[in-house]
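The values are calculated or read from the model by the stated rules, or taken from the named source; none is laboratory data. All values reported here derive from a predicted model rather than from experimental measurement. Every residue, glycine among them, receives a Cβ derived from its backbone with ideal geometry; neighbour counts consider all protein chains shown. Remember, those area values only see protein heavy atoms, side chains included, never the ligands or the DNA or RNA. Shrake-Rupley method; radii C 1.70, N 1.55, O 1.52, S 1.80 Å.
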Amino acid sequence: MLKIWSMVRFTSASGQKKKKVTAAQLRVQKDLSELSLGTTMRTEFPNPDDILNFTLTIEPDEGMYKDGCFHFSFAINQNFPHDPPKVKCLEKIYHPNIDLEGNVCLNILREDWKPVLNLNAVIVGLQFLFLEPNASDPLNKEAAEDLRANRDAFKRNVRKSMAGDSVRGESYQRVLK
Amino acid sequence: MSEMNGVTTSRQRWKYLDRVLSRPGPFTDEDWVPGEEVISFLESAKVLVIGAGGLGCEILKNLALSGFKDIHVIDMDTIDVSNLNRQFLFRQSDVGKPKAEVAARFVERRVKGVKITPYCGRIQDKDEDYYMQFNMIICGLDSIEARRWINAMLVGMVDMENPESMKPLIDGGTEGFKGQARVILPTMTSCFECQLDMHAPRAAVPLCTLATIPRQPQHCIEWAHIIAWEEERKGDILDNDDPEHITWLYQKALARAKEFNISGVTYSLTQGVVKNIIPAIASTNAIIAASCCNEAFKIATNTNPYLGVPETANYMMYSGDDSIYTYTFEHQRKEDCPVCGNLAKDLEINARWTLQEFIDSLAERAEAQLKKPTLRTEKSSLYYQSPPALEEATRPNLRKKLFDLVSDGEEIAVSDPAFQIDFKFRLLFRDK
């Protein structure tokens with residue numbers, strides 16, 4: 001053991017008794033500073049000291065979901081960026097890639113997540129879901145069928161659901177601004 | 001020959017060990033002195049074993065039979081009947097009892113003169129003072145999370161004034177026929193976090209496949225695990241070790257498999273998928289544990305060169321998948337490792353400064369030159385330049401005095417979009 005201790009050459013290390021900023025916090029801090037939210041998105045931090053949990057609001061200004069206001073909760077664990085953030089839509093909406101519970105089917109939130117991706121990539125992905133709902137990757141099967149069968153009818157359903165009406169017997173939350 | 005713990009032991013038992021401890025060999029250093037001092041260090045060395053499962057049982061047995069006499073062991077699990085085929089320190093009658101306790105008593109009974117102190121609980125229950133008492137730590141874990149935790153703890157414990165605060169970490173791991181043994185000298189050589197890319201994560205199945213078109217029995221089980229549970233038992237926390245919970249998932253998965261004409265969903269497969277179990281192979285555990293304990297013995301006694309010396313090999317991989325293959329190499333440190341790279345630098349500050357004054361000073365410091373810094377401590381956000389919601393929430397801090405925001409010796413992390421790396425400073429109050 002004595003030999004190993006004699007090898008100890010200290011350069012920049014120092015005795016640290018206090019809790020240290022975690023790797024996850026550090027990375028989220030960096031990601032937040034690089035976030036480009038534009039005019040259609042904003043964040044809210046229920047507890048500003050806790051940057052690992054926040055809400056993202058998206059208000060699309062084009063596409064089928066224009067003028068809607070959608071909230072997503074972001075829950076990031078200490079394993080970030082090795083684990084992806086957990087993202088849920090807080091409203092009950094009619095969308096082929098978002099189920100009625102708010103689960104989001106976005107490849108980079110699950111199977112294609114890589115630690116090199118950042119929070120910006122996730123919010124760009126979410127934004128894209130509102131511009132280009134994807135029928136081939138359905139989480140809400142009925143909505144996907146509607147989109148595939150008749151795009152115009154699907155659009156009408158989207159508007160109805162956003163106004164708080166029901167579509168195919170399922171009632172949706174009003175999300176219009 | 002010697003008297004320990006009030007038990008007179010015969011040195012006869014250690015006759016073969018003494019052949020390497022009491023005379024120089026072809027690989028010993030020139031200035032190495034064999035004999036009494038080496039033996040007494042080995043007997044007084046305090047080592048911690050984390051995990052008393054497949055690897056842990058082997059490690060405890062090996063250490064005791066290598067002459068270590070003061071061994072501590074931590075494990076949070078209780079013995080399950082499925083452990084008995086390879087975790088040989090446990091018997092049928094031990095099922096349900098804590099692993100650490102039973103393993104400690106068994107080895108103490110078999111190897112006289114060894115003291116094993118068990119702790120049944122999580123490694124996270126213990127603090128720096130606890131880990132500081134050991135000379136080295138040997139891990140036989142199955143979780144990456146626990147490894148990352150202990151690694152970060154040991155890196156954080158290293159204190160420049162005290163070489164003994166650097167605790168060698170010997171880590172063993174197995175998965176089926178594959179395994180690895182490695183030695184980490186915290187802050188000196190590549191740490192667990194630097195080596196994280198050596199662990200390929202389990203491929204995740206797209207949520208949409210689970211939700212719409214399952215193809216394999218595993219998909220049905222994952223569906224029950226991720227979707228059905230959330231829908232029907234929201235609020236219930238899923239316990240992987242609760243037979244009722246696993247049975248529920250099994251029934252759900254079975255019904256779904258039937259619906260899609262998929263066969264092969266069984267109770268044990270459900271357990272395997274949910275708990276992410278990879279079959280454990282007793283002999284792989286034995287090989288890896290033996291390698292870990294040899295390194296522990298050599299580090300403690302210097303009888304032979306060991307794994308982990310800076311700029312030499314620190315990682316031994318073993319594969320028995322296709323015949324047999326081992327390769328030993330140096331895994332290099334990562335400069336930007338979030339745990340051992342970029343350690344905090346001490347920064348003397350005037351605690352009566354406002355946060356704004358401190359931020360201004362960062363812009364002027366030659367080593368930082370941060371124009372738009374964002375700062376936080378572990379528990380609070382000090383100031384964020386963006387996004388707007390955080391900027392607004394933290395803006396009032398700019399006028400506060402530092403002593404109201406941080407404590408003496410606390411670490412802050414500073415990032416600036418202009419720089420790729422982050423800065424960490426340990427703030428030391430001037431004129432206390």
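Between the stretch B:239-259 and the stretch B:392-419, how far is it from one alpha carbon centroid to the other, in angstrom?
Each part's Cα centre sits 49 Å from the other's.
Counting only protein heavy atoms, probe 1.4 Å: which residues of the stretch B:382-419 lose 30 Å² or more of accessible surface in the full assembly compared with their chain by itself?
Residues shielded by partner chains are B:384, B:386, B:387, B:389, B:390, B:411, B:413, B:415, B:417.
Over the stretch B:305-363, give the accessible area per residue in Å² for a 1.4 Å probe, as an integer.
Averaged over the residues of the stretch B:305-363, the accessible area is 53 Å².
Using only the alpha carbon atoms of the stretch B:175-330, find the Kirkwood hydrodynamic radius as the inverse mean reciprocal pair distance, in angstroms to one decimal.
18.7
Percent antiparallel among DSSP beta bridges with both residues in the stretch B:109-218, to the nearest 5?
65
Please figure out what share of the DSSP beta bridges in the stretch B:345-429 is antiparallel and state it in percent, rounded to the nearest 5.
65
Just to be sure I understand the curve: with the Debye formula and one point per C-alpha of the stretch B:197-255, what is log10 I(q)/I(0) at q = 0.12 Å⁻¹?
Values returned for q = 0.12 Å⁻¹ are -0.32.
So how far apart, in nm, are the two label points at residue A:170 and residue B:312 if each is 7 Å from Cα heading toward Cβ?
About 6.4 nm separates the two model spin labels.
Between residue A:19 and residue B:352, what FRET efficiency follows from the Cβ-Cβ distance if R0 is 25 Å, with the result rounded to 0.05?
According to the calculation, E is roughly 0.55.
Which Cα, out of B:271, B:237, B:213, lies furthest along the positive dipole direction of the stretch B:207-275 (beta carbon charges, K/R +1, D/E -1)?
The residue sitting most towards the positive pole is B:213.
Between the stretch A:30-45 and the stretch B:73-147, what's the alpha-carbon centroid distance in Å?
46
Per residue and in cubic angstrom, what volume does the convex hull of the Cα atoms of the protein assembly as shown have?
Spread over its residues, the Cα hull of the protein assembly as shown gives 182 Å³ apiece.
When the Cα centres of the stretch B:293-332 and the stretch B:340-357 are compared, how far apart do they sit, in Å?
Distance between centres, Cα-based: 40 Å.
Leaving out ligands, DNA and RNA, what percent of the accessible area of the protein assembly as shown is carbon and sulfur, probe 1.4 Å?
Summing carbon and sulfur atoms, their accessible area is 50 percent of the total for the protein assembly as shown.
Please report the antiparallel percentage of the DSSP beta bridges confined to chain B, to the nearest 5.
55
Let me spell out the model: positive unit charges on the Cβ of Lys and Arg, negative unit charges on the Cβ of Asp and Glu, origin at the Cα centre of the protein assembly as shown. What dipole size does that give, in debye rounded to 20?
660
At the nearest 100 Å², what buried accessible area, both sides summed, do you get for A and B when the probe is 1.4 Å?
Buried surface at the A/B interface: approximately 5500 Å².
Which of the helices in chain B, when you take each full DSSP H run, stretch at least 15 Å along the axis at their Cα atoms and have an average Kyte-Doolittle score of 1.0 or higher?
Span-like helices, by this rule, are B:54-65.
Could you state the accessible area per residue of the stretch A:3-139 in Å², with a 1.4 Å probe and every protein chain left in place?
41
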